[in-house]
Amino acid sequence: MNGYLKKLRLRHRRIDRLIDTSKAAGKQEEVKILKRIRLQLKDRIAQVQARGEPAVQ
C-alpha cells in the first residue's frame, strides 16, 4: 500500500503544478476541474492514511 500512497501523493503534486501553470495562462475552467481532482486525491490520501498506513513522504 505504500506504493499506492506514493502514487497518490505524486499525482497530487503534479496537479498542483498544473494548477499553477493554468492560473498563469488564464485558464479558469481548467483550474476549476484540476482543483476538483486535487481535492478528490487529497480525500483518497486521507482515507488510505486513516486505515493505518504509515505516513510516507
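The count of lysine pairs in the chain that are at least 8 places apart or cross chains, and whose C-alpha atoms lie under 23 Å apart, stands at 11. The dipole here belongs to segment 1-41: it is taken about the Cα centre, uses +1 on the Cβ of Lys and Arg and -1 on the Cβ of Asp and Glu, and is about 180 debye. Using the alpha carbons alone, the radius of gyration of segment 2-50 stands to its Kirkwood radius in an Rg to Rh ratio of 1.06. Using only Cα atoms, find the angle between the long axis of helix 28-50 and the longest principal axis of the chain, and express it within 0 to 90 degrees, rounded to the nearest 10. Tilt of helix 28-50: around 10 degrees. Computed from the C-beta positions of Lys6 and Ile37 and an R0 of 25 Å, the FRET efficiency is 0.90 to the nearest 0.05.
Only the coordinates and a few stated rules stand behind these numbers; no lab work does. These numbers come from a predicted model, not from an experiment. When we count neighbours, we look across all protein chains shown, and the Cβ atoms used for this are built from the backbone with ideal geometry, even at glycine.
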